[in-house]
Amino acid sequence: MNSLLEMTAVQLGGKIKSREVGVVEAAKAALAQIQAVEPAVCAYVTVDEAGALRQAEAVQKKIDAGELTGPLAGVPAAVKDNMCTEGLLTTCSSKILYNFVPTYTAEAVLNLQKAGAVILGKTNMDEFAMGSTTETSAFGVTRNPWNLEHVPGGSSGGSCAAVSANECFYALGSDTGGSIRQPSSFCGVTGIKPTYGTVSRYGLIAYGSSLDQIGPIAKDVSDCAAVLETIASYDRKDSTSIPRKDCDFTSALVDDVKGMRIGIPRDYLGEGLDGEVKAAILQAAKVLEEKGAVVEKFDLSLVEYAIPAYYVIASAEASSNLSRFDGVKYGFRAKEYEGLHNMYKRSRSEGFGPEVKRRIMLGSFVLSSGYYDAYYLKALRTKALIKKAFDKAFEKYDVILGPASPSTAPGLGESLGDPLKMYLGDIYTISVNLAGLPGMTVPCGTDSKGLPIGLQLIGDCFQEKNIIRAGYAFEQSRKYESPKIARDAQAAAGYGGAQGGPADGIRNRIAETAGKEA
Amino acid sequence: MTKQYETVIGLEVHVELATKTKIFCGCSTEFGGAPNTHTCPVCTGMPGSLPVLNKQVVEYALAVGLATNCGINQYCKFDRKNYFYPDNPQNYQISQLYLPICHDGWVEIETAAGPKRIGIHEIHMEEDAGKLIHDEWDDCSLVDYNRSGVPLIEIVSEPDMRSADEVIAYLEKLRLIIQYLGASDCKLQEGSMRADVNLSVREVGAAQLGTRTEMKNLNSFKAIARAIEGERKRQIELLEEGRRVIQETRRWDDNKESSHAMRSKEDAQDYRYFPDPDLTPVVISDEWLQAVRDRQPELRTEKLARYQQEYQLPLYDAEILTGSKHLADIFEATVALCGRPKEVSNWLMVEAMRLLKEKEQDPEDLTFSPENLAALIGMVEKNMINRTVAKTVFEEIFAHDVDPQAYVAEKGLGMVSDEGELRRTIETVIADNPQSVEDFRNGKEKAMGFLVGQTMRAMKGKADPAKVNQIVRELLTK
């Protein structure tokens, strides 16, 4: 077994710093694992083998020269495929961007690169981050490393699966309605959705602009805190970015919750919640209580309004955000068309998948004249009320605790047939986005099928440190586990080099998927 | 025609603001430039790019709003106007619908019946689109995004105008105000000021407004006047024939002097406006607003009064000079260099205006530097050249901004005051024109003028006229 891959990002960073592990060695180990696991897991859209090795060499030189001293220098990472990376394919897992190579890099990714990250590639996702299973990707379905017959969750399913299967040491995801927390929960990893405005959205291809936030996904809370500390920055290029002086998140990695007030919304434990998930959540609460936290149940109102409000707002914004994908400037253009209007129509009809089309239509409808007040404005008012309900709760509690999802990962193909049911699965995560709050998922056990269960911790705006402290204290009570596939692959793995791959050393699933379609 | 009709007109005026950079990114707003060279991910709508508001745009919009007596929405927002067109890279335009920055203002215009207030409904900020170039040879269209994201304000008037004259007066007024504020150069031909005309007719005395049409593609004051006249006639004819005016957008063709329908209200698009989530609301503090107010430059009315007082210019001069901010700037800069305001005014009002008229240009097109005009005035004052020569030199300054001293030296136009040379020339002239000498001696003063003129001619206009007069008289009365 290759114990290197079992390390957390911070552990590996420490070994690289002390010269026990080389940066190229670490990158090769991750690439070997990708070669071994990808055929089964399908976590990446694009793997930049040659680029990763180039970066690794450059980073090693900087570390040797004393220019890079941070805890993540040299650690291989993955980036969700909705963040722009200069010169590297960025598709949002959509056919409409099948050939899009950005001319610039997203601010959050730049921050990682400045800290010495080695970017391995771009991870699969639900098309344009719309979905909860990573099945709506145009470039293949990502599998849950804990059970390949189950989904990894979504939309950051590729990032979570890649972390879980040891195909990278940490990854960036984005969370509009739970897209970091829910797949983290399904894949047994830790993920943080920070307070809206903490991480720059510049270069993140927008889904619901007022809700989107980039966040870290990793093996444990310490890694997430370190990555979040690295990517958080005030960015003048993002008008919604907020200058913060309290981004030293690793300072909250303290095993002490004495006196911490934790509230569990009764609404989060009611109908629809799987019994095994409920038991695991309550058990986790007990652990924190035993460590000195004051835990009680309370009524958080308006929970049932979060989902309709979310789907109105996110779809409205998406319908406008996605209008730039029109076949004119970049991306997919239909082969045959007559005139401009028909070119738009055919390119978009052929380029977008069904879930994206559904949300564009929903969003266009709620913004159309005569319906704007009844839907969009009402949803905005609901959003404000939900924020108020949380404000009230945070007068009493430091942290709100609950499940991340009503169940563990569903089987492949179970969700898409019934979108409404899929939407309802977002019930515990969505209100956090509507209120702009920070939220985190920490693994807290497995169900009888062996699928991971995630504990969600929600903090007040700018109070990431509270949830990081609670999460850190909780995870001291249990050991991180990686799925069998990750461990098995490591036994056999050895980086074979980019043999048989394309000349530029970049592998992607585009051609593969296109072949299947034809 | 038995019925009497009244024309009701409201204007939507787009003004390109004179910021150095675009409204939501750092790209240059400079006119021209090779296609797509003033672009970046933001103004080409690349995925993941985000807009950041240029503060100067807000300040210009505030300045125009304050100068047009508007109320200010100190909390205003940007909205997205969604429509598909390739000149609009995001397929939405960032504009203001729900909370525009300025509202409910007015400007006063002069009409035959005296002063009249034209109401301003609102002023909002928005971004310009790119430019489509249709290549008929290759049967394709190309897009240039250099103009995409150039800041605009749209000034929406109330339907308060009743004739083309009032419309022109209103536009002139807006143009002057905005030019004085330095917020735009307001050139209709270059598109930095564009007006859409909303026009309807109704019977005199009717309480309700008629159905209006909107006319686009009006790029000169003359075209606007012609379009208004044409549309007024068209609508009256329809009504006289018992037909209805259809609410539609029409495109004016100034060559054909007629308009044609572009789209009717029935196929009007639903723009699905909603607040842009990428931009935070613009909050204008009392302090900021006051700072803009304090920085407001002298506007035309104030300048007009000051020119009469400070420079002792007649109203007529002051009106012409202040009729263009650029002309007034040249005037003031020249006076600062050489004094003599009336003399400066004369050069500008008489010579400069004459040359502009000959070349069918506007005062905005003046390119010479005040230094050269001041130098010219100084040379006349010091008798280095006479007025005739000075006018020739001014033409060179006007056309090529030449340095008058260098030019006069190079061309040998300096005034000849040398007594010996003048005397020799005059003696020849007198000898050649005995009849005139005779006439003068018989009491015809005019004959002397002829002899002076002949002398000037012989000296190619460079002679000092005072000296010539003196010597001619001396020789004649000897």
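The values are calculated or read from the model by the stated rules, or taken from the named source; none is laboratory data. Since the structure is predicted, the reported quantities are computational estimates derived from the model, not experimental observations. Counting neighbours? That spans all protein chains shown, and the Cβs are built from the backbone with ideal geometry, glycine included.
Among the residues here, A:F365 does not qualify as more than 11 Å from chain B (Cβ to nearest Cβ) and among the aromatic types (F, W, Y). The residue that is surrounded by the fewest Cβ atoms within 10 Å (Cβ to Cβ), among those in region B:77-93 that are more than 8 Å from every other protein chain (Cβ to nearest Cβ) and aromatic (F, W, Y), is B:Y83. Within region B:94-104, restricting attention to residues that are surrounded by fewer than 20 Cβ atoms within 10 Å (Cβ to Cβ) and not small (G, A, S), the residue that is farthest from the other protein chains (Cβ to nearest Cβ) is B:D104. Can you find even one residue in region B:268-284 that is outside any helix (DSSP H, G or I) and more than 14 Å from chain A (Cβ to nearest Cβ)? So far as region B:268-284 goes, yes, one or more of its residues are outside any helix (DSSP H, G or I) and more than 14 Å from chain A (Cβ to nearest Cβ).
Does region A:316-337 hold any residues that are farther than 22 Å from B:G130 by Cβ and either part of a loop (DSSP other than H, G, I, E, B) or facing another protein chain (nearest Cβ under 7 Å) (or both), and which are they? Spell out the reasoning first.
First, pick out the residues of region A:316-337 that are farther than 22 Å from B:G130 by Cβ: A:316-319, A:334-336.
Hits for region A:316-337 are A:A316, A:E317, A:A334, A:K335, A:E336.
Listed conditions (1) within 30 Å of B:S49 (Cα to Cα); (2) modelled with pLDDT under 95 are all met by B:A183, apart from (2). The set of residues in region A:284-301 being in a helix (DSSP H, G or I), in contact (Cβ under 8 Å) with a residue 40 or more places away in the chain and touching a strand residue (DSSP E or B) at 6+ places or on another chain (Cβ under 7 Å) consists of A:A284, A:A285, A:L288. Screening A:Y344 with (1) surrounded by 19 or more Cβ atoms within 10 Å (Cβ to Cβ); (2) under 29 Å from the mean Cα position of the chain (by Cα); (3) not small (G, A, S) gives one miss only, at (2). Restricting A:I34, A:I63, A:I96 to residues that are within 12 Å of chain B (Cβ to nearest Cβ) and either of a type outside the set (K, R) or assigned to a loop (DSSP other than H, G, I, E, B) (or both) narrows the list to A:I96.
Pick from A:K383, A:K392, A:K387: which is of a type in the set (K, R), surrounded by fewer than 19 Cβ atoms within 10 Å (Cβ to Cβ), over 20 Å from A:F128 (Cβ atoms) and under 25 Å from the mean Cα position of the chain (by Cα)? I'd like the intermediate steps shown before the answer.
Working: A:K383 fails: surrounded by fewer than 19 Cβ atoms within 10 Å (Cβ to Cβ); A:K392 fails: under 25 Å from the mean Cα position of the chain (by Cα).
None of the other options fit; the residue is A:K387.
When A:G177, A:G153 are checked against the criterion of being in contact (Cβ under 8 Å) with a residue 60 or more places away in the chain, on the phi > 0 side of the Ramachandran plot and in a loop (DSSP other than H, G, I, E, B), A:G153 stands alone in meeting it. Here B:N383 fulfils each of the conditions (1) more than 16 Å from the chain's Cα centre (by Cα); (2) modelled with pLDDT of 90 or more apart from (2). Scanning region A:187-215 for residues that are within 11 Å of A:G436 (Cβ to Cβ), within 11 Å of another protein chain (Cβ to nearest Cβ) and touching a helix residue (DSSP H, G or I) at 6+ places or on another chain (Cβ under 7 Å) returns A:S210, A:L211.
From A:L451, A:L455, which residue is in contact with a Cys (Cβ under 9 Å, 6 or more places away or on another chain) and either over 21 Å from A:Q11 (Cα atoms) or modelled with pLDDT of 95 or more (or both)? Walk me through how you get there before you give the answer.
Numbers: A:L451 fails: in contact with a Cys (Cβ under 9 Å, 6 or more places away or on another chain).
That would be A:L455, the only listed residue that is in contact with a Cys (Cβ under 9 Å, 6 or more places away or on another chain) and either over 21 Å from A:Q11 (Cα atoms) or modelled with pLDDT of 95 or more (or both).
Every condition in (1) on the phi < 0 side of the Ramachandran plot; (2) not in a strand (DSSP E or B) holds for B:W252 except the one numbered (2).
Taking the criterion of being out of contact with any Lys or Arg (no Cβ under 7 Å at 6 or more places or on another chain) and small (G, A, S), the residues of region A:439-453 that qualify are A:G445, A:S448, A:G450.
Residues that are within 14 Å of chain A (Cβ to nearest Cβ), of a type in the set (V, I, T) and in contact (Cβ under 8 Å) with a residue 24 or more places away in the chain do not occur anywhere in region B:60-76. Within region A:267-283, the residues that satisfy the criterion of being surrounded by fewer than 17 Cβ atoms within 10 Å (Cβ to Cβ), without any contact (Cβ under 8 Å) to a residue 60 or more places away in the chain and within 20 Å of A:G178 (Cβ to Cβ) are A:G270, A:E271.
Checking each residue in region B:288-345 for being of a type in the set (G, A, S) and either under 20 Å from B:I397 (Cα atoms) or not in a helix (DSSP H, G or I) (or both) picks out B:G323, B:S324, B:A328, B:A333, B:A336, B:G339, B:S345.
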